Amino acid sequence: MRFLLIEDNVPLAGAVVDRLSLDGHVVDHAGDLETARDYVATTSYDMILLDIMLPDGDGSSFLTHLRLTENRTPTIVLTARSEVSDRISLLDLGADDYMVKPIDFAELEARCRAVLRRRGSSASSVLSLGAIRFDAASGVLHAGSEDIQLRTRELRLFEVLINAPGMIFSKPALVDRLFSYDEDVSENAIEVYVARLRKHLAGSDVTITTVRGLGYKLEQT
């Protein structure tokens, strides 16, 4: 998934980014609301982790603006406020969940999974197309008689493609899904990961097709 973390506590933000990145997720970090607004205006996120007390304003106003503009990105609020009334207020504003600091990282990951299940995004981690099966939770691709453990970037790329078979994804769009703003990569990196996935799919009835001048799509042959 691609996360947007909005948090001004640098040590905490670094720890969250490191933990989520180890699980293969892409994380953009904004230390203030102005940066967060720029990110949201240009990028689609699977999950937002939102601190409330920020240098240039209250995260509650950011959340309110998201919901008023029909941005339904799942959002978990990170707050130091422990009063029940504060939590109720955040949920009423449109937060999907909240965590009171200090944060337990295992609990944060579990809450992210729970929010996505409630949103209907991950009722099952196993996806199928033709004769192949892909378990996004374990990163295992079953193609032919083989069970292939995909590496992190391969896994994320294949997850994007198999969730929308037949849809064409441009190289810039795939770079946006696989890498954070802090990573300096070229679009040629996508070609490398596509080539690796094609080798894994060889001999199956599913292929990654190049649409000249447009990008790539996953389809059953």
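Our helix-only sum for the chain, with -39,500 (n - 2.57) per DSSP H run of n ≥ 4 divided by its residues, gives a mean residue ellipticity at 222 nm of -12500 deg cm²/dmol.
Quick check: from the Cα gyration tensor, does region 101-221 come out rounded (a/c under 1.5), prolate or oblate? Oblate. The convex hull built on the alpha-carbon positions of the chain has an orientation-averaged projected area of 12.6 nm².
What is the sum of charges, Lys and Arg at +1 and Asp and Glu at -1, for the other residues whose Cβ falls under 14 Å from the Cβ of P102? Charge balance in the 14 Å sphere: -1. Only lysines eight or more places from K171 in sequence, or on another chain, were considered; those with a Cα closer than 29 Å are K199, K217. For region 50-137, state which GluC sites (Glu not before Pro) are in a DSSP loop and have at most 14 other beta carbons lying within 10 Å of their beta carbon. For GluC sites (Glu not before Pro) across region 50-137 that sit outside H, G, I, E and B with at most 14 neighbouring Cβ atoms in 10 Å, the list reads E70, E83.
A full extension of the chain between D58 and R37 corresponds to an added length of 6.3 nm, given 0.36 nm per residue minus the alpha carbon distance. Between region 153-181 and region 51-75, the C-alpha centres lie 27 angstrom from each other.
The GluC sites (Glu not before Pro) found in region 161-201 that occupy coil by DSSP, while having at most 13 further C-beta atoms within 10 Å, are E183, E187. The ellipsoid equivalent to the alpha-carbon distribution of region 22-109 has semi-axes of 19, 17, 13 angstrom, derived from the gyration tensor eigenvalues as √(5λ) and listed largest first. Using a cutoff of 8 angstrom between alpha carbon atoms and counting only pairs six or more residues apart, the relative contact order for the chain works out to 15 percent. Here the calculated FRET efficiency for S145 and E191, from their Cβ-Cβ distance with R0 = 25 Å, stands at 0.35, rounded to the nearest 0.05. N9: net charge of surrounding residues, Cβ under 13 Å, Lys/Arg +1, Asp/Glu -1, itself excluded? With Lys, Arg at +1 and Asp, Glu at -1, the net is -3.
DSSP bridge analysis restricted to the chain gives an antiparallel fraction near 55%, rounded to the nearest 5.
Where a number appears in this text, it was derived from the coordinates with a stated rule and is not lab data. A quick note: this is a predicted structure, and the numbers were derived from the prediction, not measured. Here the Cβ is made from the backbone with ideal geometry for all residues, glycine too, and neighbour counts use every protein chain on show.
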